[in-house]
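Asks: Sending over a structure as structure tokens; questions will come in a sec.
None of the figures in this text is laboratory data; all of them are computed from the coordinates on show. Because the structure is predicted, anything quoted here is derived from the model rather than measured. All Cβ positions, even for glycine, are placed from backbone atoms using ideal geometry, and neighbour counts span all protein chains on display.
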Amino acid sequence: MSQSIQEVQNEIIEEFSMLDGDMEMTIGYVMELGETLEPLEEEQKTDDNIVKGCQSKVWLDAKPNGDKIHFKADSNTAITKGLVSILVRILSDRTPQEIVDADLFFIDKVGLNRFIGTQRSNGLGAMIKQMKIYGLAYTAKAN
Amino acid sequence: MSDTSVVSNTLDIEAIRSQFPILHQKVNGKQLVYLDNAATNQKPQSVINALEHHYAADNANIHRGIHTLAERSTTAFEDTRKAVQAFINSNEVEEIIFTKGTTESINLVASSWGRKYLNEGDEIIVSGLEHHSNIVPWQLIAEEKGARVRAIPVLDNGDLDIAEFSNMLSNKTKLVAVNHASNSLGTINPVHEIIKMSHEAGAKVLIDGAQASSHLTIDVQALDADFYALSAHKMYGPTGVGILYGKRSLLEKMPPYQGGGEMIKDVSFDKTTFNDIPYKFEAGTPNIADVVAFKAAIDFINDLGKENIAAYEEELLSYATAQLNEIEGVRIIGQAQNKVSVISFVVDGIHHFDLGMWMDAKGVAVRTGHHCTQPLMDRFSIEGTTRASFSVYNTIAEIDIFVEALKDIIKKLKP
């Protein structure tokens, strides 16, 4: 049985708590997480897959996987790639309804808002929005 | 490690630093090193005090009040105008118009002068070094008038191609709009020469002085500039205040930019007559408090002396340039002979966003991105740069911290 969205978020919160709020260690860890991201094929890095609103470029691809949505993503910057990998870890291979309903409480708890800053978190916000839009689209399709 | 004493200058930098409360803080647990001065520089206590004093003691609407506070407020407001006149050496105080910034100053000229004097087939020449604010207003008015915007090419070292500019000038050229110094690369443009060449071709010239104002001596009469625009916030003053200088002969013939109070002489439903310059271009209640506080910023610069500031910043720039040149993989974009204290650079294999974020984690504030000069980034086939820019309160020791931070980040991130 895989972990719930809530459980994955709690796990992420736990991981970040070990960094003691140190900004450099946090950035370093976010970048490390980015390296674990499932690669997105070069041909998927199309303009259609670019998430609008990101200061750095983010590509997001969604494919159905049974009754779930499988996300693949990439970014041209290491930090954003790390942030993207966290979202993929939480929201990929979930049902469309789970994605739509997901309450991403980890962002505040980990202090991502604080250290990414308002203007920079726009990209992250746009990414979350795009993932939820995919969720909605697949829900509509299923209905 | 070096310290400020290495720099041989008449300025007491530690005493200057003590006037800037914002510099004495930690960000992300590290001492702040503020190197984003080309975006906006910090404000000395005297400017903060002037702003507070205005609201605490003198605030009233200006010009038509007959009571004491209105008189004080008006006097302080007009004193700033006189200070600006002296600062840029305009012939008359009426040639100084208050705007909300360089961008609005340029838009004012594009809208008012451009609407009256541009015609189909006319050409406006900007340069490849321009900030979007000295490109887009011209594109808008050119679109409306069927005129054309052309750009002076940029050479590999970041200088403008003046020989090509000479070829571009013709009797179609109505206006040349270039910056005095580039915000992205720091290049100081030969504006005196550009103005002379443009005038010989019969064109008017607007100089965007936003990046020059706190570094270079500005003499609009010696330059023979037709228009000169600048922003207070890039010269230790408040945000929301800018200047448009224009020659009286031009300003008088230009139609108003916006309608409203202050800019009129008489209003009736049959006919409205307009006020004289500068008020014709200052519709509505202006940003009184910030204009008043702007004078304290000009006094700050004058007290230190522009030449002293420029000499000290030149030392900071040379030192930082030499340090960056030592680091493998770092490429400085823009190596013009004459530069204000701005260094733009790229690092092989490292995105400027990652670099900037990590710099911030180390307490170092730099700017990353295209710096509102996308055509210039395209010219160098790059997406953006990391930019460090220095003001008079920066120190050699801070540059050392910045350089060490950069080396450490490169070690961490190098693929």
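Asks: Which one, B:Asn325, B:Gln258, B:Val403, is farthest towards the positive end of the dipole of the protein assembly as shown when Lys and Arg carry +1 and Asp and Glu -1 on their Cβ?
Replies: With unit charges placed on the Cβ atoms, the residue in question is B:Gln258.
Asks: So what J values fall out for region B:187-202 if you push phi through Karplus, 6.51 cos²θ - 1.76 cosθ + 1.60 with θ = phi - 60°, rounded to Hz, Gly and Pro as x?
Replies: 3, 8, 7, x, 5, 4, 5, 4, 5, 4, 5, 5, 5, 5, 8, x
Asks: Okay, moving on. Evaluate region B:234-323: find the radius of gyration of its Cα atoms, find its Kirkwood radius, and give the ratio Rg to Rh.
Replies: 1.19
Asks: Just the Cα atoms of the protein assembly as shown: what Rg and Dmax do they give in Å?
Replies: Here Rg and the maximum Cα pair distance are 26.6, 82 Å.
Asks: Something else: P(r) for region B:306-367, please, calculated from all Cα pair distances in 5 Å bins and given in %.
Replies: All Cα pairs, binned at 5 Å, distribute as 4, 15, 22, 24, 20, 10, 4, 1 percent.
Asks: Cross-link list A:Lys132/B:Lys26; A:Lys129/B:Lys145; B:Lys234/B:Lys407; A:Lys109/B:Lys412; A:Lys132/B:Lys412: which exceed 31 angstrom alpha carbon to alpha carbon?
Replies: Those over the limit are A:Lys132/B:Lys26; A:Lys129/B:Lys145; A:Lys132/B:Lys412.
Asks: Would you compute, from DSSP H runs of 4+ residues alone, the mean residue ellipticity of chain A at 222 nm, taking -39500 (n - 2.57) per run and dividing by the full residue count, rounded to the nearest 500?
Replies: One gets -17500 deg cm²/dmol as the mean residue ellipticity at 222 nm.
Asks: Additional query: Can you check what the net charge comes to around B:Ala83, using other residues whose Cβ is under 9 Å from the Cβ of B:Ala83 (Lys, Arg +1; Asp, Glu -1)?
Replies: +1
Asks: Show me the trypsin sites (Lys or Arg not before Pro) within region B:44-98 that DSSP assigns to loop and that have at most 15 other Cβ atoms within 10 Å of their Cβ.
Replies: In loop regions of region B:44-98 (DSSP not H, G, I, E or B), the sparsely surrounded trypsin sites (Lys or Arg not before Pro) are B:Arg64.
Asks: Using +1 at the Cβ of each Lys and Arg and -1 at the Cβ of each Asp and Glu in region B:89-216, identify which of B:Ser184, B:Gly121, B:Asn157 lies farthest towards the dipole's positive end.
Replies: B:Gly121
Asks: Here is a further query. Out of all DSSP beta bridges in the protein assembly as shown, what portion is antiparallel? Express it as a percent rounded to 5.
Replies: 65 percent
Asks: Which whole number in µm²/s is D for region B:1-151 by Stokes-Einstein, with the Kirkwood Rh taken over Cα pairs at 4 °C and 1.567 mPa s?
Replies: Roughly 65 µm²/s, to the nearest whole number.
Asks: Still on this structure, I have one more. Quick one: work out the % antiparallel among DSSP beta bridges in chain B, nearest 5.
Replies: For chain B, the DSSP antiparallel bridge percentage is about 60.
Asks: How large is the translational diffusion coefficient of chain A in µm² per second when you combine the Kirkwood radius over alpha carbon pairs with Stokes-Einstein at 10 °C and 1.306 mPa s?
Replies: The Stokes-Einstein estimate is 104 µm²/s.
Asks: Which angle from 0 to 90°, rounded to the nearest 10, does the C-alpha axis of helix B:68-88 make with the longest principal axis of chain B?
Replies: 60 degrees
Asks: Would region B:49-303 count as rounded, prolate or oblate if I go by the C-alpha gyration tensor, calling it rounded below 1.5 in a/c and otherwise prolate when a/b exceeds b/c, oblate otherwise?
Replies: It is oblate, given that a/c is not under 1.5 and a/b is not larger than b/c.
Asks: Any chance you could give the angle, 0 to 90 degrees and rounded to 10, that helix B:136-145 forms with the longest Cα principal axis of chain B?
Replies: 40 degrees
Asks: Another question, if that's okay. How about A:Lys68: which aspartates and glutamates have a C-alpha closer than 19 Å to its C-alpha, ignoring those fewer than 8 places off in the same chain?
Replies: Counting by Cα, and skipping residues close in sequence, A:Lys68 has these aspartates and glutamates nearby: A:Glu7, A:Glu38, A:Asp93, A:Glu98, A:Asp101, A:Asp103.
Asks: Charges at C-beta only: +1 for Lys and Arg, -1 for Asp and Glu. How large is the resulting dipole of the protein assembly as shown about its Cα centre, in Debye rounded to 20?
Replies: In total the dipole reaches around 1100 debye.
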